[in-house]
Each structure stands twice: as C-alpha cells, then as structure tokens.
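First the structure, in the form of structure tokens, and then the observations on it.
The values are calculated or read from the model by the stated rules, or taken from the named source; none is laboratory data. Remember, it's a predicted structure, so these values are computed and weren't measured experimentally. Cβ atoms come from the backbone with ideal geometry, glycine included; neighbour counts cover every protein chain shown. Only protein heavy atoms, including side chains, enter the accessible area calculation; ligands, DNA and RNA are left aside. Shrake-Rupley method; radii C 1.70, N 1.55, O 1.52, S 1.80 Å.
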Amino acid sequence: MALSRAERCLVLLLRLLSRAFLMLLRLAARASTALAPGPRTLTPLAGAPPTRCVPPPGQPLLQLSAGQLARRIRRREVKCTDVVQAYIKRIEEINPLVNAVVKDRFDAALEEAHHVDKLLSEGHGDEDALQEKFPFLGVPFTVKEAFALHGMPNTSGLVSRRNLISTSDALVVSRLKQAGAIPLGVTNCSELCMWYESNNNVYGRTNNPYDLQRIVGGSSGGEGCVLGAACSVIGVGSDIGGSIRMPAFFNGIFGHKPTTGVVPNDGQFPNALGVRTEFLCTGPMCRYAEDLEPMLRVMAGPGVRKLKLDEKVSLEKVKFYCMEHDGGSVFVSPVDREILQAQRKVVEHLETRFGVQVQHITIHKMKYAFQIWSAMMSSRDSDGQEAQLFTDLLGDHGKPVWPLWELMKWFLGMSLHTIPAIALALTEKLMKLNPGGNAKLVSMGHSLRTEMMNLLGTDGMLLYPSHPIVAPKHYSPLGMPFNFAYTAVFNVLGLPVTQCPLGLSSEGLPLGIQVVAGPHNDHLTLAMARYLEKAFGGWVCPGKS
C-alpha cells in the first residue's frame, strides 16, 4: 500500500510545519525561562557546573528488588517503616528536579508501614504463609495518576478535573494493596494519556532522571521516571500506544504490556470504550525483571489463568526472529545507530550462548504501523459502535471542544489544553475524511495480526526496537510526532510485549529492546527479560557510565 505523491507531499509538509512550530515553542520556552524562575538544577559542589542527571541513590535499601524487600520485611531483617522512609526521603530529594510524583500520601504510607511492623512483631503467620497471602508485604509502590487511588487526584492532566479526588481504588491498585504493597503517591502523565511527553496544564512537565533536558515519555512518563530515578521500585502503568514501553525505554527500566484482556482496566480515566477495549492494557513497570511476573499475577487476579506463567521456558528451544526497523516509513525517524548496535549484541549473544539461529525477517506491513494503528483506533467494534471521540474526552461530559477554536485560543495563551491534545483532536477530524482508506488500513491490520500470530506461534519471539531514537529533548516529539508507531502497532495486534533495558548510550541515555510473543505467551517475554537482565545488566543508575 504505497503512499501516493500527494500523501508524500502532505507528510513532508507536516514535517516542515511541525519543525517550524517546534522552533517557535523552543523560542517561547527560552523567553519564559528568562522572565520567570525555572526548574531547579542540581549543583553537586559550589561553583561547579550543574549536572544533567539526578544523583545515584546512596541508601542500599533503594537498590533492592520488590521481591527482596518483601522477603527481608517478612523475615524481620528490616523494618517496613525504614524501607518506606528511605523511599520518601529519596522522592523528597529528587522530585524537585524531575517533577514526577504529583501528589504524595507519605503520612498514610508511614502509618501503613507501622501497621506492617506491628503485625510482624506480634508473630502473625510464618514466612511461607505471609508470602502466599502478602507477596508484596510492606513494599512501596507508585501509581500513574490516571488510575484511581483513594484520597488522591485523578485528573489525567485535564484542567477541568483538577479538583477531583478519588473515593475508591482502581481494581489493580486494590489488588496490589491487598497483596501488602504500600502506595506512596501518584505520578504525572500526558493530557488524557494520549501523548508521549508527560506534560500537562495541571502539573507541568516531568524531566528525565538521566538528563533533565530530555523527556520521560508518555503517557506513563512520571511512573517511568520515579522508577528510573530509584524513587520507587514497582509501579502501575497503562498502554494503548506504547504508554508503558516508551517511558520504560526512556528511563531504563522494565515495562510489560500484557496480552489483551488479561489485566482489568477498571478504575482509570480515560478508560477505553468500543474497539479500544481491545487495545488498552494495564501492566507492571519496575526496575528489576524478577518483579514483573509476581506483579502480573497480582494485577491479573483470576485473569492470570489465561496465561502460562507456570510453564518453564528453555530459551534454547525458542524460535527467535529479529527486525531492526519498520522498513522505512516516511512518518518516523530512522533507528539510531546505538540502538541498532545494542540489538545486534543481543542477537550475537543469543546465537553464541544458546546455539540458536536468530532469523532476520522483513514484515512489509510494519512500514504502515502508524497508519494501521490510527485507523484501527478510530474503527467500529464488532457491534458497530463507533470509537469514543477524543474531543468528547477533552470536554469530559461538559461543553464540546472545537479543535480549531482551541488552537486559536492556544496561540493567544487562553486554551486550557496542551498543543499535542489539540493536534490529536484535529488529526481525529482529518481521519474521518477518508473512510475508504481507513477501511483498507483496518483490513491490513487484521492481516498483519494473522501474519504475526502464524510467525510467532506458541514458541517464537520477535526482537524489535522500542523506539527509533533515545530519549529526545523536551518538545522534540512535536517535530516527529509519529515515532510511537514502533510500540503502538503491537497494541492493535493484541500481542504481549516486554521492554528490556540494555545499558546506556554514549550520552548516558538508556538503550533497550522490545521482546514480542504470540497471544497468551507472556511467559516467554518475561523469561527473556530475566535473562537479558543477567546478561546485559538491566537497570543502570543515572549518571553511571
């Protein structure tokens, strides 16, 4: 399905306009910085130049996995209050730099930690019984602000919801609390969770812990940031176009998008309606690969029966496939050299270590990933119900939002919405002008899903870049807005995907790779994540070369 000359000209025009607009934004940002106090910078010594990244954690408790923390707490080797206090201190130190935790519940968390210590001091249950009932006993965690957490805001960056306070917990949050985990607070996201820079008019912008001048990704960007900065150890994210995996990639952590329909999406805003219920996934984000599977078990609840998490995985028996890029879509950036080098090192390692042959493949339809995702997101479901309009979500049951009018207001500094949200609303209007082309793209998406399922089967894994470039500087996504296609395509295909960190680039920015499997074969990608962590080191502290 080649692009016509007119479509190519339109793409080039969009690029030129977006880059020109990006230049204007940067000029405006510099002007506002000159006129108003900006975010704090970190100066390690008097007179020394400000550093680009946050300082590494000094407290040893901050460098243990959730599983290790829970084990030490159960065995009374460390007090839960000490663990929670260590994370509170870390957040208080780092959050002024990154602006990731937008509302904390530190007093309540300490009170809950005291309750855990009291429970253990009174000798309630032996270690095995406690592990079975409370696998995350006393472990601190954070939650994407789009999820309901009792007593916390739930705006999703929408100004009209800034006074809304949750009176209940989202189902996955409730399950983690029942498993003994203690929430520390909620983290920043993009407006209505539909952009890959976490910046909104309620909480402002979140900065990358590896370079404060770069983005954290979106929409679970605050969550990725607190984990990468060692301000949390496990967290809750959601993903409809890469919103778990992009922040995980940009912040050097693990993030898993489960098979569709395994983990409930209840209790988040906005939630999916119509066909989008098949694409939205709630999943775990964490610093250590060993925590992915226990988190998934807790978050999925009864849904975990759809998976094969108890099956042992022998990587030497897995069929490995590799794609280094999407085939050269005009909509997205070429893949960075260092990202390709990291992926090739994984391929070489697998072939040497396990004696397998990693098959390099070309799936031609992947070149149209962005178009396929866009068309399928706007399509009708099996009952003929139309997808919910983004403009309706922007209005949040109030007055309709007119994108062109909002754009004019934005230029005058009067709009309550961010420019990416306004641009998405305009794009949505344009998509509806070509129903015939959209139908062809939806058909192509279904064909691609069949092709992928036949390729991967029950014992195959695909290695694919998590993003074409490392974490870009603030506002840069506006100049190349469709790069998220590298993650988004797997949402509409319904496949499980795990983002795995692969060390740092020459600039000290995280590298990574996506590992993809067939439906309900999440156990394969989780096993691969654990192996890659051992082989390539996993999460690396910010500032470490």
_Average accessible area per residue (Å²) across the stretch 264-385 - probe 1.4 Å, nucleic acids and ligands excluded_ = 46 Å²
_Convex hull volume of the stretch 162-215 per residue (C-alpha atoms, cubic angstrom)_ = 122 Å³
*Ranking by accessible area, most exposed first, for Ser382, Ser65 with a 1.4 Å probe*: Ser382, Ser65
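Express in % the proportion of alpha carbon pairs of the stretch 260-316 at distances exceeding 17 Å. Spell out each step's value before the answer.
Details: 766 of 1596 pairs.
Value for the stretch 260-316 (Cα pairs over 17 Å): 48 percent.
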_Rounded to the nearest 10 Å², the accessible area of Asp291 at probe 1.4 Å_ = 0 Å²
_Given Cα positions, please report Rg to Rh for the stretch 208-254, the hydrodynamic radius being the Kirkwood one._
0.92
*Convex hull (Cα only) mean projected area of the stretch 384-493, reported in nm² to one decimal*: 9.9 nm²
*Over the stretch 503-545, with a single point scatterer placed on each C-alpha, what log10 of the ratio I(q)/I(0) does the Debye formula yield at q = 0.18, 0.19, 0.26, 0.32 1/Å?*
-0.59, -0.64, -0.90, -1.11
*Roll a 1.4 angstrom probe over the protein heavy atoms and tell me the percent of accessible area of the stretch 328-457 that is carbon or sulfur.*
58 percent
_As a test of reading the structure, rank His446, His417 by solvent-accessible area (1.4 Å probe, protein chains only), most first._
His446, His417
_At 1.4 Å probe size, put Arg205, Arg353, Arg72, Arg105 in order of accessible surface, largest to smallest._
Arg353, Arg72, Arg205, Arg105
*Express the C-alpha Rg of the stretch 74-147 as a ratio against the empirical globular expectation 2.2 N^0.38 Å, rounded to two decimals.*
1.25
*Of the listed peptides 260-273, 134-147, what is their order by residue-averaged count of other C-beta atoms within 10 Å, with the highest listed first?*
134-147, 260-273
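Please state, to two decimals, what the Cα-based radius of gyration of the chain comes to when divided by 2.2 N^0.38 Å (N = residues).
0.93
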*With respect to the cross-link table entries Lys144/Lys544; Lys367/Lys432; Lys306/Lys440; Lys79/Lys345, which display a Cα-Cα separation exceeding 30 Å?*
Lys306/Lys440; Lys79/Lys345
_Among the complete DSSP H segments of the chain, which ones combine at least 20 Å of alpha-carbon extent along their axis with a mean Kyte-Doolittle hydropathy of -1.0 or more?_
5-35, 80-98, 106-121, 337-354, 435-456, 522-536
*Only Cα pairs under 8 Å and at least 6 apart count here; give the relative contact order of the chain as a rounded whole percent.*
17 percent
_For the stretch 254-259, 3J(HN,Hα) per residue [Karplus equation, 6.51 cos²θ - 1.76 cosθ + 1.60, θ = phi - 60°, Hz, x = Gly/Pro]_ = 9, x, 10, 9, x, 4
*Express in Å², to the nearest 10, the accessible area of Lys544 obtained by rolling a 1.4 Å probe over the protein heavy atoms while all chains stay in place.*
130 Å²
*If you roll a 1.4 Å probe over the heavy atoms of the protein chains, what accessible area per residue do you get for the stretch 125-174, in Å²?*
39 Å²
*Lys429 accessible area, 1.4 Å probe, all protein chains in place, Å² to nearest 10*: 90 Å²
